[in-house]
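J.: Following this message is one structure expressed as structure tokens.
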Amino acid sequence: MFMPVPEVGRLLIFFEVNALEPIMEIEHTGQVEALEAICVDFERHADVAGLLILTCDANGYTPELLDPLLTSCCLPLIGAVFPEIIVGNKTLIQGSIVVGLRQRPDIFSIAGLSDQSVDFEEAICSAIPDFCLGQTVLVFVDAFGSRLADLMEGLFNNFGLEVNYLGGGSGSLSFNQKPCVLTNQGMLEDAAVIALLDVASGVGVQHGWSSLAGPYKVTESTGCTIVSIDWQPAYTLYKQVLSEQQGISFAGRDFYAIAQNYPFGLRKLDAEMVVRDPLTVGAAGEMTCVGEVPENSYLDILIGDVDTLVDAASEALRFALHNHTAASETAPLLLFDCVSRSAFMEDEFQRELDVFHGSGRRVIGALTLGEIANCGKSYLELFNKTTVVGVIDL
Amino acid sequence: MSPSRSELIQICYEIALAINETEDMPRLLSQALTMLVRKLNCSAGGIHLLDIEPDSPPGFKPPVTIPRCSERIPSYVEALAQLPIVPTRDALSFFADKLPLCGVCQNGDNYYFFDLLPHGFLLLLKSESTLDPIVVKELRPLAAKLGQAIGTCLQRKALRESVDHFSMVSEELRHYQESLEEMVEDRTVTLKQEMAERRIAEEELRQSEEQHRLFLQQLPDPVVVFNRQCIPQYINKAFTDSFGWCLDDFSAKSFPLLHEESGSKGDWLRQQIGKGESPSGIEVNLQNSSHQVLRVAVSGIMTRQRRRDDDLQVLVLRDVTEQHRLEAQLRHSQKMQAIGTLTGGIAHDFNNLLQAISGYTQLLQRRINRKSREGSFLDSIAVSTERAVDLVKQLLIASRRGESRLVPIDLNETVEQAVKLLERTLVKMVRIETGLQETPLIVDGDAGQLEQVILNLSNNAQAAMPNGGGLTLLTKEVMLEEDFCLGYDGLKPGAYALLSVSDNGIGMSSEVIEQIFEPFFTTKRVGEGTGLGLSSAYGIVRNHQGVILCESEPGRGTLFSIYLPLSAGMVRLQPQERQEKATAGGEETLLIVDDEQAIVEIARSILEAGGYRVIRAANGEEALEIYLRRKSEISLVILDLGMPGMGGEKCLKALRAANPKVRVLVASGYASKEQAQRVLDLGAAAFVGKPYRVETILKEVRLALDD
């Protein structure tokens, strides 16, 4: 790269430009002490003004273990626990990614994601610092909070389209809700952590799923749980459709093993359907998804294959780069890919990772339980079974 | 990319449901706009409602936009530039007519205005793509439906506000009603308490007034309440009883009861009442309704009222007429007692002197020829001595130290005896009238003395009627009350015989009346009277345990009232005259006890002349010693009472102790009736007063020896 001969005072600037390589460490052991050592190093790092921590559920972190580290950290931090983390074209089931943020982020947390009495719009409004400069908003939520759509509305209504949203749902594949959001207050459960970063970004969102059957009317639902579809127990209709159209029988088989291949899709104009991934089925035939399914909405049962999904990942990457053409060459890709895509694609998921890795940029991210992003200049959504990728000047 | 028909229907359906979901305006707008922006994949949106405030120009205000800071979105702000610059009603109406309105911003974003008739418009901002015309067409009825829903919400809001207002007003009314009820209840309770307290206070006041009125009514002293104009406002019962006046009698009179004799004191009293001052410590003469004058002590209390003119003067009047009368009587009684003491003392000494003169005169008369010149001298001496003795006797009577022999007698008979004498002695111009009680009036009295009283009074009456007139003597039985008796020492309530002696002569002034019973006081010329007639009458009556009163006014005659206590049982007893024996003299041995040498010598001469042997003792102690030594030969002891040493009474007791059968004749020149009676009770045989005549002492000695 050509660099003009700088004056003494400008030399530092050039040095700064040359130092735009992301500051990050990958910890593979999952040990708290190792993570603490990295954090302490970053606290001492002159260029680090904040921390982004993506860590694995398999590390077994609990508030008792991790809170001393988090609460004693003198840098503002945002992070979450995911089923797996992504480094390059690999996924790790153990260890952590610690990114040193060059710009000091404004971070706040929102508690009570399942609390019906919380007005998220007002909570976020009152939590936003009086003066903040943000171009990108990182959002990690407890995936098992029941009012995630309301949180998305609150975010969008406060920040609008002035920022790019990037994030996902954290938690465990055990589907048991537990503390999984990392903040300076410690590990939080049923909470969200939000960081306003004054760095530019471009975001791409795609999933590659298409309608198998539908539309069907959601005749009764509560939050993330679909009670009935077309006036039938949700599971009854779901089984019937898959049986009739795919010859699939659920008898004696793991529900999620089948359901991860046939998610629901909520329609919106001029965009891909918003995917809702059914996780569990209840005794009364109600089906619980990652993310809310509004009552009286219409949904389709979707189907996909590895090729369309890989194509969608490529498309998402293209959108991201398109939306941030000024991104530096060293700007990494921050990838939040749905853990169920990984499960659905199995070994072929490597193809999707390779799509991002093939961009020549450093790739870090996580397999999430729901993805958060706005696609271009459209409404902010919590997605399932979707690839969200951002190119960001960390 | 055009949406499929079913896709459009689904989206519109979900939007329509969101519009219908709630009737709460903020929630309706928020949910509807969220659904529109979300389902139509818009980058921003807003609902702007017509804001018509009474005092401000019309305009649109966005109650909800997505995001909330829509003014920071340049394309959104650019789209709003389509609105009329001057938002008049016509301009807004013209703008509404153009809806739906679509356009493209400078950054390529597309804006869409939809009509929310008649309440405002919906603005949607879509980036990177446009809404299909079919979608826009389908959104118009949805926007209209949203407008209707907004209208419904507004109506409901207005209705709810009305209801809320009504409820609030009702609540306020209820609150006020409750407050009012509480206030009324509290006030009622307070009023009840106040009324109860007032009733109690009024009752207490009434009772107090009643008590005061009763107190005033029952007050023994007359009370009269005057206003500042000296008009009586209230009088109590005692006032009416005392003065006979009723309140109505004062209607046109200020102070009619003030007697003219009150003089300057009466004027002063009126002035005090008029000035609101309290008169006190004065005595005035008031007249009752019968025009009788009463002496009254006045004490005033001024009771202040709210208005000075309403002040009331309470006068407590005390009738001191009787008190004055009693005081006068007491003074008179004390004066008479003092005079009695004085005259008694003088009489005693005179008696001793007269005893010597009389005794020696009588002895000389026995030795000298009565027809000789010396005999005539002795007769003159004897006559003068007798007159002197009578004078002393009257003095003694006047001083209540005279000797009275009280026995039950009929007063009527005494009066009749006196009248017989008067008819012979009084001048014929004096007409004597009697009115005696038909039944006997038995009193313990000395008929002679009482007769003397009647004669004295009648003589005075004759003197008071130089031109003749009527002399009236009345007797009757009366009962004297305690009040009447208070002013007279020793006078006790009970049945009395009243003897009244009245004339219609010249009468006397009160100053004269006050002195008439004093010894030697007389209005007669020199030589016409001794000045001892009324004083001796006074002494006789008092010795009879009675009282003599005089009422007189100049020119209106004089009335003497003599009250004598009736004898117990009114039993007529025959007077027991002692059997007098002609025998005078004897041979017994007599012991004469007297400290006066002259008296002893005279008595010794008289008794030895009568044949008796006489032993002398100068005092009681010597007499007792002699008697104890020679009692067998001593037949009688002649004992004086007033002696130095043990005195006569003790000596008598000692003699009686030595010999209960001892005979004692008490001779004294000065002894009260009580004292004489006392020595008789101690066992004396008889009592003889000094100076005694030779015959008298010889007779009394003989009677005592023979008794």
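The values are calculated or read from the model by the stated rules, or taken from the named source; none is laboratory data. These numbers were taken from a predicted model, which means no experiment stands behind them. For neighbour counting, all protein chains shown are included, and Cβ atoms are generated from backbone atoms with ideal geometry for every residue, glycine included. The area values use the complete protein model at the heavy-atom level, side chains included, leaving out ligands, DNA and RNA. Shrake-Rupley method; radii C 1.70, N 1.55, O 1.52, S 1.80 Å.
J.: Could you give the size of the charge dipole of segment A:175-266 about its Cα centre, using +1 on the Cβ of each K and R and -1 on the Cβ of each D and E, expressed in debye and rounded to the nearest 20?
T.: Dipole size: approximately 200 debye.
J.: Between A:ASN176 and B:CYS69, what is the spin-label point distance in nm, taking each point 7 Å from the Cα along the Cα→C-beta axis?
T.: 4.2 nm
J.: Averaging sequence separations of C-alpha pairs under 8 Å and six or more residues apart, then dividing by the length of chain A, give the relative contact order as a whole percent.
T.: Relative CO of chain A lands at 20 percent.
J.: Sticking with this structure for a sec: Roughly speaking, to the nearest percent, how much of segment B:589-706's 1.4 Å accessible area is carbon and sulfur?
T.: So the carbon and sulfur contribution to the accessible surface is 47 percent.
J.: What is the helix-to-structure angle for B:447-464, meaning the angle in degrees between its Cα long axis and the longest Cα principal axis of chain B, kept from 0 to 90 and rounded to the nearest 10?
T.: Once rounded, the angle reads 80 degrees.
J.: Which ³J(HN,Hα) values, rounded to whole Hz and listed in residue order, are derived for segment B:362-372 from phi using the Karplus coefficients 6.51, -1.76 and 1.60 in 6.51 cos²θ - 1.76 cosθ + 1.60 with θ = phi - 60°, glycine and proline given as x?
T.: Values, residue by residue: 5, 5, 5, 4, 6, 9, 10, 4, 5, 8, 6 Hz.
J.: For the protein assembly as shown, what size does the Cα cloud have along each of its three principal axes, sorted from largest down, in whole Å?
T.: For the protein assembly as shown, the Cα extents along the three principal axes come out at 211, 78, 75 Å.
J.: I would also like to ask the following. Between 0 and 90 degrees, rounded to the nearest ten: what's the tilt of helix B:373-398 against the longest Cα principal axis of chain B?
T.: Helix B:373-398 sits roughly 20 degrees off the main axis of chain B.
J.: Can you tell me the convex hull volume per residue for chain A, based on C-alpha atoms, in Å³ to the nearest whole number?
T.: 139 Å³
J.: Please compute one quarter of the surface area of the Cα convex hull for segment A:217-302 and express it in square nanometres.
T.: 5.3 nm²
J.: May I pose another question? What list of ³J(HN,Hα) values in whole Hz, one per residue of segment A:327-337 in order, does the Karplus curve 6.51 cos²θ - 1.76 cosθ + 1.60 (θ = phi - 60°) give from phi, with Gly and Pro shown as x?
T.: Listing the rounded values in order: 5, 5, 5, 8, 5, x, 9, 9, 10, 10, 10 Hz.
J.: Follow-up question, since we're still on this one. Run lengths n ≥ 4 of DSSP H only: what is the helix-derived mean residue ellipticity at 222 nm for the protein assembly as shown, with -39500 (n - 2.57) per run over all residues, to the nearest 500?
T.: Helices in the protein assembly as shown give a 222 nm mean residue ellipticity of -13000 deg cm²/dmol.
J.: Next question, about the same structure. Just to be sure I understand the curve: with the Debye formula and one point per C-alpha of segment A:166-237, what is log10 I(q)/I(0) at q = 0.24 Å⁻¹?
T.: Listed by q, the Debye log ratios stand at -1.08.
J.: Also, quick follow-up: Can you return the aspartates and glutamates within cross-link range of A:LYS239? Criterion is Cα-Cα under 14 Å, with same-chain partners fewer than 8 residues away left out.
T.: Leaving aside aspartates and glutamates fewer than 8 places away in the same chain, those within reach of A:LYS239 are A:ASP230, A:ASP254, A:GLU286, A:ASP300.
J.: First check a/c for chain B, with a ≥ b ≥ c the square roots of the eigenvalues of its C-alpha gyration tensor; if it is under 1.5, answer rounded, and if not, answer prolate when a/b is larger than b/c or oblate otherwise.
T.: In terms of gyration-tensor shape, prolate.
J.: So, R0 is 51 Å and r is the distance between the beta-carbons of A:ILE26 and B:ILE134; what FRET efficiency does that work out to, to 0.05?
T.: Efficiency at R0 = 51 Å is approximately 0.50.
J.: Another question about this same structure. Given B:PRO63, B:LEU680, B:LEU624, which one lies farthest toward the positive end of the charge dipole of chain B, if we put +1 on the Cβ of every Lys and Arg and -1 on the Cβ of every Asp and Glu?
T.: B:LEU624
J.: Total Å² of accessible surface buried at the A-B contact, 1.4 Å probe, nearest 100?
T.: Separately minus together, A and B give about 2700 Å² buried.
J.: Computed over the Cα atoms of segment B:5-164, what is the convex hull's projected area averaged over all directions, in nm²?
T.: Dividing the Cα hull surface by four gives the mean projection, 9.5 nm².
J.: Using a Cα-Cα cut-off of under 20 Å, which aspartates and glutamates could be cross-linked to B:LYS420, ignoring same-chain neighbours fewer than 8 residues away?
T.: The qualifying aspartates and glutamates are B:ASP410, B:GLU433, B:GLU438, B:ASP446, B:GLU451, B:ASP503.
J.: Could you check the simple spin-label distance between B:ASP489 and B:ARG5, using points 7 Å along Cα→Cβ, in nm with one decimal?
T.: Each label point is offset 7 Å from its Cα along the Cβ direction, giving 15.6 nm.
J.: Can you give me the accessible area per residue for the protein assembly as shown, using a 1.4 Å probe, in Å²?
T.: Heavy-atom SASA per residue in the protein assembly as shown reads 47 Å².
J.: Principal axis lengths of segment A:138-183 from Cα atoms, whole Å, largest first?
T.: Reported extents, whole Å, longest axis first: 36, 18, 16.
J.: With no solvent and one point per C-alpha, what does the Debye sum give as log10 I(q)/I(0) for segment B:326-398 at q = 0.12, 0.13, 0.27 Å⁻¹?
T.: Per q value, in the given order, log10 I(q)/I(0) is -0.46, -0.50, -1.08.
J.: Per residue of segment A:114-121, what does 6.51 cos²θ - 1.76 cosθ + 1.60 with θ = phi - 60° give for ³J(HN,Hα)? Whole Hz please, x for Gly and Pro, Karplus curve as stated.
T.: Listing the rounded values in order: 9, 7, 5, 8, 7, 8, 5, 4 Hz.
J.: Okay, next question. Ranked highest first by average number of other Cβ atoms within 10 Å, how do B:197-206, A:289-298, A:71-80 line up?
T.: Packing order, densest peptide first, comes out as A:289-298, A:71-80, B:197-206.
J.: Further question: Past 19 Å, Cα to Cα: identify those pairs from B:LYS61/B:LYS157; A:LYS268/A:LYS377; A:LYS268/B:LYS126; B:LYS98/B:LYS137; A:LYS90/A:LYS377; A:LYS268/A:LYS385, in the order given.
T.: A:LYS90/A:LYS377
J.: A:CYS224 accessible area, nearest 10 Å², 1.4 Å probe?
T.: Rounded to the nearest 10, that gives 20 Å².
J.: At 1.4 Å probe size, with the rest of the protein present, what percent of the exposed accessible area of segment B:223-319 is carbon and sulfur atoms?
T.: Here carbon and sulfur together make up 44 percent of the probe-accessible area.
J.: Identify, among B:LEU473, B:LEU122, B:ALA143, the residue whose Cα sits farthest towards the positive end of the charge dipole of the protein assembly as shown, taking +1 on the Cβ of Lys and Arg and -1 on the Cβ of Asp and Glu, with the dipole about the Cα centre.
T.: With unit charges placed on the Cβ atoms, the residue in question is B:LEU473.
J.: So how exposed is B:ARG38, as accessible area in Å² (1.4 Å probe, rounded to 10)?
T.: Its accessible surface works out to 40 Å², give or take rounding.
J.: Percent antiparallel among DSSP beta bridges with both residues in the protein assembly as shown, to the nearest 5?
T.: Percentage antiparallel, nearest 5: 80.
J.: Related question: Roughly how large, in nm² to one decimal, is the mean projection of the convex hull of the alpha-carbon atoms in segment B:223-319?
T.: 5.4 nm²
J.: Further, regarding this structure: Rounded to a whole number, what % of the accessible area of chain A do carbon and sulfur atoms account for, probe 1.4 Å?
T.: C and S fraction of accessible area: 51 percent.
J.: Mind pulling the angle between the C-alpha long axis of helix B:5-20 and the longest principal axis of chain B? Nearest 10 degrees, somewhere in 0 to 90.
T.: 10 degrees
J.: Still on this structure, please answer the following. Students often forget the sequence filter, so: which lysines lie under 19 Å Cα-Cα from B:LYS275 once same-chain residues fewer than 8 apart are removed?
T.: B:LYS253, B:LYS265
J.: Mind listing the long-range amide H neighbours of A:GLY291? Cut-off is under 5 Å, sequence gap 5 or more, other chains count too, H placed in the peptide plane at 1.01 Å from N.
T.: Residues meeting the amide H criterion: none.
J.: For segment B:589-706, what number results from the quotient of the Cα radius of gyration and 2.2 N^0.38 Å?
T.: The reported ratio for this selection is 0.93.
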